[in-house]
Each structure stands twice: as C-alpha cells, then as structure tokens.
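The next block holds one structure in the form of structure tokens; read it before the comments.
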C-alpha cells in the first residue's frame, strides 16, 4: 500500500453516505440465570462455586458474553479506491447471573438481594465496556478508505487489523476491571463477605 489508510468521515457527508452515528442503534441485553440453592449466605455462595458458569479453568459468580454481527457497505470509487460507507452493528449482550431456588429466611433474602444487585451492576460495567468497543469499531470503520482497491479487498484487510487491536483492548479492560473489583477489599470481595457473614 503506497499511502496511509485514512478516515474520511467528512467525505461521507459530501458523498451523501451515512455519517457515523451512535444514536441509531442499541444493544440487545439478555439475562440468563443458573440455579443455586441454600438457606444461608455461605450455603448460597458454596452453591455458586458448584454451579456457576465455567470460565477458563474454573467457575465464576457471573459472566457477560456477547454476539456481534455487522452490516457493512463497501463502495468502489471512481479513482480506483474503496471506501467503507457504512457499518451498522447488531450487538447482543448476555448476562449470566445466579438465581436462588425456593424461599429464603428474611435475613438471608436481604443479604442475597444486596449481593445479587451488586453482582448485576458489576456485570453491567462489562457490558458497557463491550458497547464502548463496538462504538469505537464503528468510528474507525465508517469512511475507511484504501487506494488502488477496486475489489475492496485492501480496505477489508485494513479493517480487520484495526478490529484485532480493539478487541484485545476490550479484553484487557475487562480483565483490569475484574482484578480491581475482586482484589481484597474490592467491591466484589466486599459483596462476597457481606453475603457470607450477613446471610
């Protein structure tokens, strides 16, 4: 490639193409539950350890996953280049959270609800990190142009290179967030202690 790929968002407007927009799509958010049982906070937490979603080599309290599809419009240009005129995401985020089976004693029920609300809020941050990644992908996609690319192959390859870096950044942000939340004294650590000791 003889010259650097560039973003041409202003050219999109001049050509009548859709400009990058963050307001015309929203993620679909789903919640799935797995069953835990127990009559006390410690019993519920032990059940989480036995039934929580498998992540890596162990089980987690909760887990956020996503499915991302794109509708992209590549347009060959009169000068032989190719421009990515639009890129619309279809994002589904799935949160997997525990659900206690049966009635709980009043104190356990209160402690469990506080724990569950805190864990759900934690996972929602993971969802926000995913949405941020998708918006950043959208921003670097629309208007991307490659010269001497009548078949729109080079611009696709250039986009894929950018997507890899953004995906790795999202994973690192999620890992860093978990590390902070789960450290001793961190938010999730405090939620676990409150459940185990207060329920």
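FYI, it's all coordinate maths here, none of it is from the lab. Note that the coordinates shown come from a computational prediction; the quantities given were computed from them, not determined experimentally. Every residue, glycine as well, gets a Cβ built from its backbone with ideal geometry; the counts of neighbours run over all protein chains shown.
At what distance in angstrom do the alpha carbon centres of region 89-120 and region 155-188 lie from each other?
Between the Cα centres of region 89-120 and region 155-188 lies a distance of 24 Å.
So if each residue of separation counts as 0.36 nm, and I subtract the Cα-Cα distance between residue 60 and residue 179, what length gain in nm does that give?
41.5 nm
For log10 I(q)/I(0) by the Debye sum over Cα atoms at q = 0.07, 0.11, 0.16, 0.17 Å⁻¹, which listed value, (1) -0.29, -0.60, -0.97, -1.05; (2) -0.21, -0.54, -1.18, -1.33; (3) -0.32, -0.63, -0.97, -1.05, comes from the coordinates shown?
Only one listed value fits the structure, namely (3).
Along the Cα-to-C-beta direction of residue 166, a point sits 7 Å from the Cα; which residues of region 83-102 have their amide N less than 14 Å from that point?
Only 84-91 pass the distance filter.
Tell me the relative contact order for the chain as a rounded percent, counting alpha carbon contacts under 8 Å between residues six or more apart.
Once divided by the residue count of the chain, the mean separation gives 29 percent.
Taking 0.36 nm per residue of sequence separation and subtracting the Cα-Cα distance, how much length would be gained by fully extending the chain between residue 46 and residue 24, in nm to one decimal?
3.6 nm
Tell me the label-point distance for the pair residue 37, residue 94, using the 7 Å Cα-to-Cβ offset, in nm and rounded to one decimal.
That separation, rounded to one decimal, is 2.5 nm.
State the antiparallel share, in %, of DSSP beta bridges confined to the chain, rounding to the nearest 5.
Roughly 70 percent of the beta bridges in the chain run antiparallel, per DSSP.
Take the chain, connect every pair of alpha-carbon atoms lying under 10 Å apart with a spring to form a Gaussian network, then pick out the residue of 24, 103, 65 with the largest mean-square fluctuation.
24
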